[in-house]
Each structure stands twice: as structure tokens, then as C-alpha cells.
Amino acid sequence: MSRKKKRNKSGEEGNPADTPFAALSGLGTLPEGSASSPQPTSRRNRRNTTRGRLDIIRETAHRGGKVVTVVAGFKGIGLPEKQDLARKIQKTCGVGGTVKDGRIEIRGDLRDEVKEMLEEAGFNPVFVGG
């Protein structure tokens, strides 16, 4: 013979006080919930306003002395979105630029203007280097 206890089958009913929900039957006088929906506690339903840190760098190396503003440090952003952002910055500043190696390069020393544009897009831009 086995020593295991036999379980109650779903057809058999024991004492109703043995069920875990028996104590809840006496709580019929609970207040009604509010009619408005609760505020979401997660960030999934809200617009992302902190899309990460971006480094704004001023470079002159290997460019014949010309200054270039470089935006680097994109994480989780695809190439099409980088190209759209670069185009928007170029139009606003009235200069040329490109997207190379996952970095946006804008001609000229336009760090302040680029920072404003990136803040509007929800990023946290930081000046890096001298």
C-alpha cells in the first residue's frame, strides 16, 4: 500500500470553510471602485521622454582643419530614424551632414543648436571632450 494521502476529487465537496475563498463571502460591504481608470504605473503606455544619453563631440582630425559636430552613442535606434534626425538638424542649421558608422556628422561647430534639437527629440545630449 502506498503512504500517499488521497486527494479530494472535484466531485466531492468537503467542508465549505476549508476553501480559501470562504472568508471572502462575508466581505460584501466593500466600497465601489472609482469610475475613472487608474493611472498607469508602468512606462509602456506613456511617451518616452528619456531616450538615452548622446555624446556631442567637436572634431577636426583628418578633415583638413575643418570642424565637424559629431553625435554618437545611439542605442536601440535604427538607421532610418538617425537619417531623419540628421536631415532635420541639417535643415534647421542650414548646413550639410551625413550618417556614418552609426554616428551623425554635421558640418561646423553647431553643438548648441544640435543639443536643442536632440532635447526636443527626447534625448539627453551631453558635451564630450574639450
Listing Lys75, Lys5 by rising number of other beta-carbon atoms within 10 angstrom, fewest first, gives Lys5, Lys75
Assign unit charges at the C-beta atoms only (+1 for Lys and Arg, -1 for Asp and Glu), then state the dipole size of the stretch 53-128 relative to its Cα centre in Debye, rounded to the nearest 20.
-> 240
Quick note on Glu105, Glu116, ordering by fewest other C-beta atoms within 10 Å, gives Glu116, Glu105
Note to self: Kirkwood Rh of the stretch 53-128, Cα pairs, one decimal, Å, is 12.2
With θ set to phi - 60°, apply the Karplus curve 6.51 cos²θ - 1.76 cosθ + 1.60 along the stretch 18-27 and write out the HN-Hα couplings as whole Hz, x wherever there is a Gly or Pro.
-> 7, 6, x, 9, 5, 6, 6, 5, x, 9
Among Phe74, Phe127, Phe21, which comes first, then next, by fewest other beta-carbon atoms within 10 Å?
-> Phe21, Phe127, Phe74
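Bear in mind these aren't lab numbers, they're just calculated from the coordinates by the rules spelled out. Nothing here was measured: the structure is a model prediction, and the numbers come from that model. Glycine gets a Cβ as well: all are built from the backbone with ideal geometry, and neighbour counts include every protein chain shown.
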